[in-house]
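Single-structure report; data block below.
The values are calculated or read from the model by the stated rules, or taken from the named source; none is laboratory data. This is a predicted model, so every value here is computed, not measured. Cβ placement follows ideal geometry from the backbone for every residue including glycine, while neighbour counts extend to all protein chains displayed. Protein only, heavy atoms only, side chains kept; ligands, DNA and RNA dropped before computing areas. Shrake-Rupley method; radii C 1.70, N 1.55, O 1.52, S 1.80 Å.
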Amino acid sequence: PEETVTSSFASFIHAVRPEHLSKTVRHRSKRMILDSIGVGLVGSTTHVFDIALQYCRLYSSVAVSSVYGKPGIKLSPTLAAFTNGVATHSMDFDDTWHPATHPSGAVLPALLAASQMLPPGTKPKGMDFLLAFNVGLEVQGRLMHFSTEAHNIPKRFHPPSVVGTMGSAAATAKLLSLSTAQCAHALGIAASLAGAPMANAATQAKPLHIGNATRLGFEAALLAARGMEANPLILDDIAGCSGFSAFYSIYQPKPLSTPSDHHEFLLEKQDIAFKRFPAHLGMHWVVDAALSVRNLFINYAGSFSPSLIRTIVLKIPVSKYINRPFPSSEHQARHSFQFNACTALLDGEVGLSSFTESSIHRQELRELLDKVVVEHPEDNVANFDKMYGEVALLLHSGDVLTGKCDTFYGHWRKPLSKESLLKKFRSNASHVLPEEKIETIITMVDNLENLSDSSQL
């Protein structure tokens, strides 16, 4: 039969082998796994996670899969994946790629749950786990590269709810050793389970996007394994009958070549962005710009004195859902250019405690927010690879101080150091785990290729 885009993806998922993972890909993906576990652990302390967990515990089922931060609780595999996916995105602390999506949280919880689901004697080795994780990343990245629309900050749907579901299906299909035909059907089923509107950004519903992506992709693979079929052309561009193209107004798919002696994964070409504080990725530009101008201000005035500031000008790209002048909840605050810039100016940092109710509603913060004016320069595009953040302080004296950030620390062009990544992981994990278990996880992920049973993770 003639090769199609969909069949090429299915062939790739089935045929790719551990030896196709380069040293760079293994290194970068292990950093992603460690970071994702850390943000999932700290995310298990949130209110939205508690809601998701209470919901999942309503169901009586085979409880074999672990839940982040809850050593005494196990759930059915798909519900564990869902709950851990919610935890991962509950603070918007998880990694981000370009084109824009959160790749790890949509894949890792499904693989962790599936590893525990499989009976003794059939547990995947660490290298198989690492390969499946990278298959999930690769499918997400390839699908996003089919549309120029995907390169910009989204407006209609939250990308991980779409490509993440497909990535979870692909990764789980690989871990479960599905046939080529079953891999194709898993992708087709997953496409019917995908999607979430951007209107739910900055609400408690947004973490459900990641929870659903990892769970529903997992379920798609399980259904395919049991014989369910779907459209075998789901990824192809068929005139008059939308498949995956339903999600993108511009969609130009290309076949994915079957790996030969060498396959260059997208992660080889472009690293990932790790967040230093729990907020939407766009916030990291304005925070670094705000911290820069704050230092200038202290050198100018001797201390940070808000009374000397007449106006705060933010130069940011146009993106409605993260332009929030006066956020009233933690989730709105995580998606507010204004809040994050003013918090950085006022406190000299942004961290977990910045998004508590008491911090959000401080009078001194409100007074700074009242001074903010937003501008949208034409050259500042809503694209995580091209945007910048600029914060200018117009003082009553007539002086103007300006800070600008083109690439924040943690961006794929300026990756976190090993020390910074480990510091973040230890800080996040310490909210729910003792030190010895934290160090065990670090060692286990670092040596994942040699792990004989990935369910130990």
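I'd like the carbon and sulfur percentage of the solvent accessible area for the chain, probe radius 1.4 Å, heavy atoms only, ligands and nucleic acids excluded.
51 percent
In terms of the ratio Rg/(2.2 N^0.38 Å) built on C-alpha atoms, what value belongs to the range 281-405?
For the range 281-405, the normalised Cα radius of gyration comes out at 0.97.
At 1.4 Å probe radius, can you tell me the per residue accessible area of the chain in Å²?
Details: 17890 Å² over 457 residues.
On a per-residue basis, 39 Å².
Just from its helices, what would the mean residue ellipticity at 222 nm be for the chain, if runs of 4 or more DSSP H residues each count -39500 (n - 2.57) and the sum is divided by every residue, rounded to the nearest 500 deg cm²/dmol? Kindly include the intermediate steps, with their values, before the conclusion.
Working: 17 runs with 200 residues, N = 457.
When only DSSP H runs of four or more count, the value is -13500 deg cm²/dmol.
Which value, in Å² and to the nearest 10, is the accessible area of Glu149 when all protein chains are kept and the probe is 1.4 Å?
60 Å²
When a/c is below 1.5 the answer is rounded, else prolate if a/b is larger than b/c, else oblate, so apply that to the range 112-236 with a ≥ b ≥ c taken from the square roots of the Cα gyration tensor eigenvalues. Display every interim value, and only then the final one.
Numbers: a/c = 1.85, a/b = 1.53, b/c = 1.21.
Cα axes put the range 112-236 in the prolate bin.
With everything on Cα atoms, drop me the angle between helix 47-56 and the longest principal axis of the chain, reported from 0 to 90° to the nearest 10.
20 degrees
In straight Cα distance, which lysines are under 23 Å from Lys125, not counting same-chain residues fewer than 8 positions off?
Lys23, Lys30, Lys74, Lys174, Lys437
Percent relative contact order of the range 210-304, based on C-alpha pairs within less than 8 angstrom and at least six residues apart?
It comes to 10 percent, rounded to a whole number.
What is the set of long-range amide H partners of Val67 at a cut-off below 5 Å, with H atoms built 1.01 Å from backbone N?
Residues meeting the criterion, in which the H sits 1.01 Å from N, are Ile73.
Take every Cα pair under 8 Å in the chain that's 6+ residues apart, average their separations, divide by the length, and report that relative contact order as a whole percent.
Numbers: 931 pairs, mean separation 96.5, N = 457.
About 21 percent, as a whole number.
Can you put Thr4, Thr24, Thr96, Thr122 in order of accessible area, largest first, using a 1.4 Å probe? Spell out each step's value before the answer.
Numbers: Thr4 30, Thr24 50, Thr96 5, Thr122 75 Å².
Ranked list, largest accessible area first: Thr122, Thr24, Thr4, Thr96.
How many times 2.2 N^0.38 Å is the alpha carbon radius of gyration of the range 134-199? Please report the intermediate quantities before stating the final value.
On the way: Rg = 12.2 Å, N = 66, 2.2 N^0.38 = 10.8 Å.
Compared with the compact-globule rule of thumb, the range 134-199 sits at 1.13.
For the range 161-166, what does the Karplus curve 6.51 cos²θ - 1.76 cosθ + 1.60, with θ = phi - 60°, yield as ³J(HN,Hα) per residue in whole Hz, taken in order and with x for Gly and Pro?
Per residue, the Karplus-derived 3J(HN,Hα) values read 5, 9, 5, x, 4, 5 Hz.
Between Cys241 and Ser417, what is the label-point separation in nm under the 7 Å Cα-to-beta-carbon projection?
Label at Ser417, label at Cys241, 5.7 nm between them.
What ranking, highest mean first, results for peptides 169-176, 157-164, 64-71, 111-118 when packing means the other Cβ atoms within 10 Å averaged over each residue?
Working: 169-176: 30.0, 157-164: 27.9, 64-71: 20.4, 111-118: 23.6.
Most protected by this proxy first, the peptides run 169-176, 157-164, 111-118, 64-71.
Show me 217-224, 252-259 ranked by packing, highest mean number of other Cβ atoms within 10 Å first. Could you put the intermediate results ahead of the total?
Values: 217-224: 27.0, 252-259: 15.2.
Packing proxy ranking, top to bottom: 217-224, 252-259.
Once you list every other residue whose beta carbon is under 15 Å from the beta carbon of Thr122, what net charge do they have if Lys and Arg are +1 and Asp and Glu are -1?
+1
May I ask which of Lys275/Lys386; Lys254/Lys418; Lys70/Lys275; Lys155/Lys386 have a Cα-Cα span longer than 26 Å here? Mind dumping the intermediate values first?
Values: Lys275/Lys386 17 Å; Lys254/Lys418 35 Å; Lys70/Lys275 24 Å; Lys155/Lys386 17 Å.
From the list (Lys275/Lys386; Lys254/Lys418; Lys70/Lys275; Lys155/Lys386), the Cα-Cα distance tops 26 Å for Lys254/Lys418.
Based only on Cα atoms, what Rg/Rh ratio does the chain have, Rh being taken as Kirkwood's radius? List each step's numbers first, then the result.
Values: Rg = 22.2 Å, Rh = 22.4 Å.
Dividing the radius of gyration by the Kirkwood radius yields 0.99.
Stretched out fully, how many nm does the piece from Leu308 to Glu264 gain, at 0.36 nm a residue minus the Cα gap? Before the final figure, lay out each step's value.
Details: separation 44, 0.36 × 44 = 15.84 nm, distance 5.38 nm.
Extra length from Leu308 to Glu264 when fully extended: 10.5 nm.
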